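*Asks:* The structure that follows is given in the form of structure tokens.
The values are calculated or read from the model by the stated rules, or taken from the named source; none is laboratory data. None of these values were measured; they are calculated from a predicted model. Note that we place each Cβ from the backbone using ideal geometry, even for glycine, and neighbour counts take in every protein chain shown.
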Amino acid sequence: MKRVAGIVGGVVVLLLAVAVALPFLIDANQFRPALESRLSAALGREVKLGDLKVSVFSGGVAASDLSISDDPAFSKAPFLRAESLKVGVELLPLILSRKLNVTGITIVEPEINLVETAAGVFNFSTIGTKTAAVPVRPPEAAAASAQEPQISIAVIKISGGRIALEKTGTKTKPLVLEKLNIEVKNFSAEAPFPFSLSAAVSGGGTIKLDGIAGPLDQGNATDTPFNAKLKVDRLDLTGSGLVSPADGVAGIASLDGSAQSAKGVIAVTAKLTAEQLVLAKGGTPAKRPAEVDLVVAHNLARQSGEVQRMAIHLGAAVANLSGSYRLETEPAAVDLKLTGSKMPLTDLATFLGPLNIALPTGASIDQGTADVNLAAQGTLDKLVTQGTVGAENARLANYDFASKLQVLHEFTGIKAEPHTLIRTLNANVRNTVDGTALDNVQFAIAGIGGMTGAGTISPSHTLNFKMRAALGGNALASLGGPGGIPFTIQGTAENPSIRPDVQGIVTNELKGIVGGKSPAGDASKILKNLFGGQKK
């Protein structure tokens with residue numbers, strides 16, 4: 001037993017002695033030309049390694065520096081730079097025959113610069129492809145390469161990296177990923193291989209990808225197919241730089257789904273949740289999240305995509321968005337259609353603030369349904385949205401429209417109510433950066449009657465409407481002529497001012513006098529009735 005213990009102890013001491021002495025016995029730098037040469041040939045980019053040292057306890061060779069050149073068409077600066085590189089090797093071949101069989105590569109804390117041109121071409125597109133320019137190898141590197149066995153890499157890792165993606169010719173803030181960790185197993189250019197990616201998004205959010213990629217597209221690396229699970233958690237749309245603050249869109253987005261790529265087209269199917277959402281300039285963050293069922297196909301080369309399905313859930317209200325977008329312009333351009341039917345207004349009301357739509361101070365919507373059929377076209381900074389909107393049985397709580405009619409309220413005897421019930425409402429709408437124009441507005445208010453007209457709402461909520469009210473059998477209904485009594489709505493959406501259009505009334509009545517059809521007799525009687533005359 002003592003002999004066995006002695007033998008084991010001797011072997012342990014011997015191994016320790018070899019481990020301590022090996023770095024002094026083997027000059028790892030003799031393998032550097034071969035390693036640089038093969039990595040350069042595999043990537044199609046010049047690879048430079050710093051001083052190499054054998055590290056037996058970590059099972060490999062460590063390099064003090066690493067750099068990979070960029071595509072010459074983009075930059076002379078390195079595409080990737082790292083302060084250290086760890087290369088896993090098979091120790092027995094290294095010890096016994098001084099052969100370098102690589103089992104894994106770990107790049108520690110690299111800085112990676114990704115660049116996309118205005119034409120949608122990335123600077124990494126040629127990495128590892130047949131179109132990549134293979135660096136010319138010096139004779140000593142070629143000789144070393146011929147003597148060494150082919151490198152097979154079981155695992156490639158990037159640990160603690162930082163990657164910045166910028167687009168040339170734009171003022172868009174670069175998208176930066178920090179704490180980047182990537183792992184590729186059983187890498188082969190000719191066969192699929194598993195990979196995983198995780199990173200923190202600068203400005204807020206995290207992203208994770210797990211799936212299968214390959215074989216490597218030999219013409220364009222961006223066309224390499226992959227199939228992966230995609231998870232994005234609490235991504236700040238403006239903080240990350242994905243959306244410009246000038247576009248008026250903001251929020252925190254989380255996404256859980258899958259992404260598939262084939263021939264340069266990435267198809268994403270996911271569930272999207274947006275919190276604190278803002279959808280227009282001047283809008284306020286939503287107090288409840290919006291959920292979206294999303295199916296999008298994005299073409300990398302064309303920098304455009306199709307929104308094949310986007311079901312937007314705002315509580316029980318569901319709207320459907322579809323169409324296309326283009327990212328080659330700055331800002332991006334869209335051609336989208338939004339439709340929704342019988343959507344509960346109580347759920348939609350929570351998103352009026354994000355859309356920069358205001359209600360009269362103290363008022364709220366507590367019932368009714370809405371229909372929308374809108375089309376949005378143009379760049380985000382000059383977007384034009386137009387179509388039709390409608391509502392049924394919409395009640396504006398804590399707002400008495402009848403009493404706001406002022407003079408008309410006094411003359412017609414319309415009964416004041418604590419709430420305003422709009423039985424039907426329909427209008428053509430056109431929204432631009434200059435404000436919202438509503439045409440062919442038609443609505444009916446319970447206890448008052450039907451109203452028609454048109455007007456505008458400025459981005460600061462200033463109102464300018466010309467309307468007519470058909471007050472049924474009221475004595476003054478005929479004052480406005482066949483279209484009803486004219487009145488204006490001015491002020492602001494928060495504090496609207498509703499007044500009879502006296503000039504319009506008098507004009508109509510004078511026309512009647514000239515034609516001998518004046519129900520009031522003459523203009524003096526009209527003015528007397530409106531201002532100080534006996535009420536009828």
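*Asks:* If Lys528 satisfies all but one of (1) at pLDDT below 90; (2) closer than 30 Å to Gly353 by Cβ; (3) among the charged types (D, E, K, R), what's the number of the condition it fails?
*Replies:* (2)
*Asks:* Mind counting the residues in the range 377-396 that are over 30 Å from Ile445 (Cα atoms) and buried (at least 17 other Cβ atoms within 10 Å of the Cβ)?
*Replies:* Adding up the residues that qualify gives 2.
*Asks:* Turning to a different aspect of this structure: Looking at Phe465, Phe487, which one is at pLDDT below 90 and within 30 Å of Val384 (Cα to Cα)?
*Replies:* Just one listed residue meets the conditions, Phe487.
*Asks:* Let me ask something else about it. When the residues of the range 31-51 are narrowed to those that are closer than 16 Å to Thr103 by Cα, crowded, with 20+ Cβ neighbours inside 10 Å and hydrophobic (A, V, I, L, M, F, W, C), which ends up modelled with the lowest pLDDT?
*Replies:* Filtering the range 31-51 for residues that are closer than 16 Å to Thr103 by Cα, crowded, with 20+ Cβ neighbours inside 10 Å and hydrophobic (A, V, I, L, M, F, W, C), the one modelled with the lowest pLDDT comes out as Phe31.
*Asks:* How many of the residues in the range 444-461 are in contact (Cβ under 8 Å) with a residue 40 or more places away in the chain, surrounded by 15 or more Cβ atoms within 10 Å (Cβ to Cβ) and either of a type in the set (A, V, I, L, M, F, W, C) or farther than 30 Å from Gly378 by Cα (or both)?
*Replies:* Looking only at that region, the number is 2.
*Asks:* Among the residues in the range 11-28, are any modelled with pLDDT of 65 or more, surrounded by 17 or more Cβ atoms within 10 Å (Cβ to Cβ) and within 23 Å of Thr103 (Cβ to Cβ)?
*Replies:* Yes - at least one qualifying residue is present in the range 11-28.
*Asks:* Here's something else I'd like to know. Which condition from (1) buried (at least 17 other Cβ atoms within 10 Å of the Cβ); (2) small (Gly, Ala, Ser); (3) modelled with pLDDT of 95 or more is the one that Gly283 breaks?
*Replies:* Among (1) buried (at least 17 other Cβ atoms within 10 Å of the Cβ); (2) small (Gly, Ala, Ser); (3) modelled with pLDDT of 95 or more, the lone unmet condition for Gly283 is (3).
*Asks:* Considering the range 169-194 alone, what residues qualify as being surrounded by 15 or more Cβ atoms within 10 Å (Cβ to Cβ), at pLDDT below 90 and among the charged types (D, E, K, R)?
*Replies:* Across the range 169-194, the qualifying residue is only Lys173.
*Asks:* Also, quick follow-up: (1) of a type outside the set (Val, Ile, Thr); (2) surrounded by fewer than 18 Cβ atoms within 10 Å (Cβ to Cβ); (3) under 24 Å from Gln377 (Cβ atoms): which one isn't true of Glu291, the others all being true?
*Replies:* All conditions are met except number (3).
*Asks:* Do we find a residue being at pLDDT 80 or above, in contact with a Gly (Cβ under 9 Å, 6 or more places away or on another chain) and part of a strand (DSSP E or B) anywhere in the range 118-125?
*Replies:* No, the conditions are met nowhere in the range 118-125.
*Asks:* When Phe195 is evaluated against the numbered criteria (1) touching a residue at least 60 places away in the same chain (Cβ under 8 Å); (2) within 27 Å of the chain's Cα centre (by Cα), which criterion, by number, is the only one it fails?
*Replies:* The single condition Phe195 does not satisfy is (1).
*Asks:* Please name all residue pairs, on different chains or six or more residues apart, with Cβ atoms under 8 Å, provided the first residue is in the range 205-228 and is touching a residue at least 60 places away in the same chain (Cβ under 8 Å) and the second residue is acidic (Asp, Glu) and surrounded by fewer than 18 Cβ atoms within 10 Å (Cβ to Cβ).
*Replies:* Pairs found: Leu216/Glu190.
*Asks:* Which of (1) under 19 Å from Lys86 (Cβ atoms); (2) modelled with pLDDT under 75; (3) of a type in the set (A, V, I, L, M) does Ile68 not meet, given it meets every other one?
*Replies:* If we test Ile68 against (1) under 19 Å from Lys86 (Cβ atoms); (2) modelled with pLDDT under 75; (3) of a type in the set (A, V, I, L, M), just (2) comes out false.
*Asks:* Let me ask something else. Answer with yes or no whether Asp439 is without any contact (Cβ under 8 Å) to a residue 24 or more places away in the chain and in a strand (DSSP E or B).
*Replies:* yes
*Asks:* I need the full set of residues from the range 220-233 which are more than 12 Å from the chain's Cα centre (by Cα) and not in a helix (DSSP H, G or I), in order please.
*Replies:* Asn220, Thr224, Pro225, Phe226, Asn227, Ala228, Lys229, Leu230, Lys231, Asp233
*Asks:* From the list Asp366, Asp371, Asp335, exactly one residue is in contact with a strand residue (DSSP E or B) (Cβ under 9 Å, 6 or more places away or on another chain), part of a strand (DSSP E or B) and modelled with pLDDT under 95. Which is it?
*Replies:* The conditions single out Asp366.
*Asks:* Enumerate the strands (runs of 3 or more DSSP E) found wholly within the range 245-312, keeping only those where 2 or more residues are under 16 Å from the mean Cα position of the chain (by Cα), in contact (Cβ under 8 Å) with a residue 60 or more places away in the chain and under 26 Å from Thr346 (Cα atoms).
*Replies:* So the answer is 265-278.
*Asks:* Further question: Given the criteria surrounded by fewer than 19 Cβ atoms within 10 Å (Cβ to Cβ) and touching a Phe, Trp or Tyr at 6+ places or on another chain (Cβ under 7 Å), does Ala213 qualify?
*Replies:* Taking the combined requirement at face value, the residue satisfies it.
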